[in-house]
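The values are calculated or read from the model by the stated rules, or taken from the named source; none is laboratory data. Treat the numbers as computed from the prediction; the structure is a model and nothing was measured. When we count neighbours, we look across all protein chains shown, and the Cβ atoms used for this are built from the backbone with ideal geometry, even at glycine.
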Amino acid sequence: MNRSEGTRVIKVDYLARVEGEGALYIRARRGRVVDLRLEIFEPPRFFEAFLRGRHYTEAPDITARICGICPVAYQMSACQAMENILGLSVTGPLRDLRRMLYAGEWIESHVLHIAMLHAPDFLGYQSALEMAGDYREQVELSLRLKRLGNDLVTFVGGREIHPINVRVGGFYSVPRTEEMRAWKPRLEQGLEWAVALFRWVMGFDFPDFEQDYEFVALRHAEEYAILEGRLVSSKGIDVAIEDFDQVFEEYQVPHSNALHLRVRERGAYMVGPLARLNLNHDRLTPLARELLQEVPHPLPWRNPFMSILARAIEVVHALEVALEVVETYETPEAPYREVPVRAGTGHGCTEAPRGILYHRYTIDGKGIIQDARIVPPTTQNLHQMEQDLWQFAPQVLQLPKDRATWLCEQAIRNYDPCISCATHFLKIHVEHEPDTA
Amino acid sequence: MNPTRHEANPAPGEPPAPKVLVLGLGNRMRRDDGLGLLALRRLRERHAWPEAVTFVEGGTGGLALLHLLEGKSHLLVLDAIQAPHPPGTLVQATIQDLEPIQERPLSVHQLTGEDLLRWAQALDLLPRNHLLLGLVPASVEMGEGLSPPVAASLENLVTAATRILERWLAVPPKPA
């Protein structure tokens, strides 16, 4: 870039323990954005290599380590892909347990993002710690609700941080019917807290910002899809998950090592709570659907800032799913199903809190992994996040450093990006190059 | 359901029994970042610790770990700590030693031992007796296994952690 053309560079760096893992680069010339690049460190490549040569039964545990916030999602997508290879179907109470486990993770993950990170954007706080002082009641209620999500994960998954009870074909051990029923009062209490959280969030002012997004989510015949479904989009995609690569393609970002995804011959797409709500609102549980009616914005919601409200509705939904399981569950005869191993390729795709998480594995006749592919939701959203930032950037160019950083962060935070392996707190700084025009 | 323990009330005049949380943080798929988890494991296995001590592999659980502090009288966090010292140097800090920060993470995934102390303080969850204890990392690239300087110092960390727990519990633990 020629300096004499009046180039100004804004750089938002994520200075993680390893520098340069991710950054937002905005390059502007005479007040116009000419280049914009968002890079977030993507650990799955490492895990794909790490998985090759391992036994297929290890995949759920190894991939769960990619993310300390959504290990259940990784375990579920990995199990599903392996079960797809083996021709094994997990149904009845074992499937119900998976739904309950996943509900716990949604609650925990969504509530944290809503209350600790996203809410301050709407309430005008630079720091979430600062907000915690003024909104003590909401923060404490959120922590109780998050705790409930943690406890659900511990109950079914055996451990809350990295659940250990999950295996291909089911679980290592399962709860008894009476243990399950005992959850009812806590979940009913949790549902009250979730409604309070939703009403708090509904009172926020959402900035005017709409885009013509292509929303992508799983679609299930009866349920608000979490564990399985067909891949559908708001612009006509409707395929089996096996066809993931037929509709989406990875492409190399110029001047970077990063790989982004796009819909073939179309472009960016959005996965996550907003996509799910827009595509599957008719499958929400009764109370969640009732609350949705209270929101004075007609669907589809094309404003990414409203993702916070979609998350709040999904927390209510997740609690109702857990309640349904608690009321109907009967102890299964065996904690898992097992069939002889066979060679093949299988696909798994489930709705992680941040959107669809796709896994594909090839194993040989001894069950050894020959090939692995993992596509997390954040990787899929990156292209769309950049598109949003393109819209944001012109306003940001004229603003002081603090304000510019804050706005760029907000546009990114709408997506609740997963940066699990960027191990350190972000130290964001904006760098202005002097305008030499 | 989670098992609940019935605990005896302390006799009148006796101080309440300590409830200690030892939390290991980090990602063991990122070389030295996992040192807190390895130290936690060594520490836990070395002695027959009383029930008053809870060991948790917090990993990369981020803000999801905050509730673990509820009801605890003592907190020991083991983590990799960035500091201007050579790799493997033993570093410790309390909340008073930490600089105030203004930045906010983009994701709830991001939480270091420092952040945990700050959040815990803001939410009145931070025990008065707390310590962040760790080593300066040399490499946090993707991969398994500690770097040589950190591997050589891990025992220092485990020894220091043992001393702190002994002091907090006021009785030396029995060997495992």
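Go through the range B:90-142 and count every residue that is at pLDDT 75 or above and at the interface with chain A (Cβ under 8 Å from one of its Cβ atoms).
Kept after step one, since they are at pLDDT 75 or above, are these residues of the range B:90-142: B:90-97, B:113-142.
Next, only the ones that are at the interface with chain A (Cβ under 8 Å from one of its Cβ atoms) stay: B:114-115, B:118-119, B:122-123, B:137, B:140-142.
Matching residues across the range B:90-142 total 10.
Just to be sure before I move on: is A:SER109 touching a Cys at 6+ places or on another chain (Cβ under 7 Å) and modelled with pLDDT under 95 in the structure I sent? Yes. Exactly one residue out of A:GLU19, A:GLU5, A:GLU83, A:GLU58 is at pLDDT below 85 and farther than 17 Å from B:ARG31 by Cα: that is A:GLU5.
A single member of A:PRO120, A:PRO71 is within 10 Å of chain B (Cβ to nearest Cβ) and closer than 23 Å to A:GLY170 by Cα, and it is A:PRO71. Residue pairs whose Cβ atoms lie under 9 Å apart, sitting 6 or more positions apart in sequence or on different chains, and linking a residue in the range A:375-395 that is over 17 Å from A:ARG276 (Cβ atoms) to a partner that is assigned to a helix (DSSP H, G or I) and hydroxyl-bearing (Ser, Thr, Tyr), are A:MET385/A:THR378.
Residue-by-condition table, conditions (1) farther than 24 Å from A:GLY348 by Cβ; (2) among the hydrophobic types (A, V, I, L, M, F, W, C); (3) in contact with a Phe, Trp or Tyr (Cβ under 7 Å, 6 or more places away or on another chain):
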| site | (1), (2), (3) |
| --- | --- |
| A:TRP200 | yes, yes, no |
| A:PHE209 | yes, yes, yes |
| A:SER233 | no, no, yes |
| A:TYR251 | no, no, no |
| A:GLY267 | yes, no, no |
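Would you mind finding the one in A:GLU250, A:GLU222 that is farther than 28 Å from A:LEU38 by Cα, surrounded by fewer than 17 Cβ atoms within 10 Å (Cβ to Cβ) and acidic (Asp, Glu)?
Numbers: A:GLU250 fails: farther than 28 Å from A:LEU38 by Cα.
On inspection, the qualifying residue turns out to be A:GLU222.
A single member of A:ILE313, A:ILE363, A:ILE369 is of a type outside the set (Asp, Glu), modelled with pLDDT of 95 or more, under 20 Å from the mean Cα position of the chain (by Cα) and crowded, with 17+ Cβ neighbours inside 10 Å, and it is A:ILE313. For the range A:136-149, a tally of residues being more than 10 Å from every other protein chain (Cβ to nearest Cβ) and farther than 21 Å from A:VAL316 by Cα returns 0.
Restricting the range A:177-198 to residues that are part of a helix (DSSP H, G or I) and free of Cβ contacts under 8 Å to residues at least 60 places away in the same chain leaves a set whose member that is nearest to A:PRO298 (Cα to Cα) is A:ALA196. Looking only at residues in the range B:38-58 that are within 14 Å of another protein chain (Cβ to nearest Cβ) and in contact with a Leu (Cβ under 8 Å, 6 or more places away or on another chain), which one is surrounded by the fewest Cβ atoms within 10 Å (Cβ to Cβ)? By that ranking, first place goes to B:THR54. Among the numbered conditions (1) crowded, with 23+ Cβ neighbours inside 10 Å; (2) hydrophobic (A, V, I, L, M, F, W, C); (3) touching a Leu at 6+ places or on another chain (Cβ under 9 Å), the only one that A:CYS67 does not meet is (3). Among (1) surrounded by fewer than 22 Cβ atoms within 10 Å (Cβ to Cβ); (2) over 30 Å from A:ASN84 (Cα atoms); (3) in contact with a strand residue (DSSP E or B) (Cβ under 6 Å, 6 or more places away or on another chain), there is one condition A:TYR213 misses while meeting the rest; what is its number? In the conditions (1) surrounded by fewer than 22 Cβ atoms within 10 Å (Cβ to Cβ); (2) over 30 Å from A:ASN84 (Cα atoms); (3) in contact with a strand residue (DSSP E or B) (Cβ under 6 Å, 6 or more places away or on another chain), A:TYR213 misses (1) alone.
Can you find, within the range A:378-419, the residue that is nearest to the chain's Cα centre (by Cα) among those that are outside any helix (DSSP H, G or I) and more than 10 Å from every other protein chain (Cβ to nearest Cβ)?
We begin by selecting, within the range A:378-419, every residue outside any helix (DSSP H, G or I); these are A:398-400, A:414-419.
Those left that are additionally more than 10 Å from every other protein chain (Cβ to nearest Cβ): A:398-400, A:414.
Working: A:GLN398: 32, A:LEU399: 31, A:PRO400: 31, A:ASN414: 11 Å.
My answer is A:ASN414.
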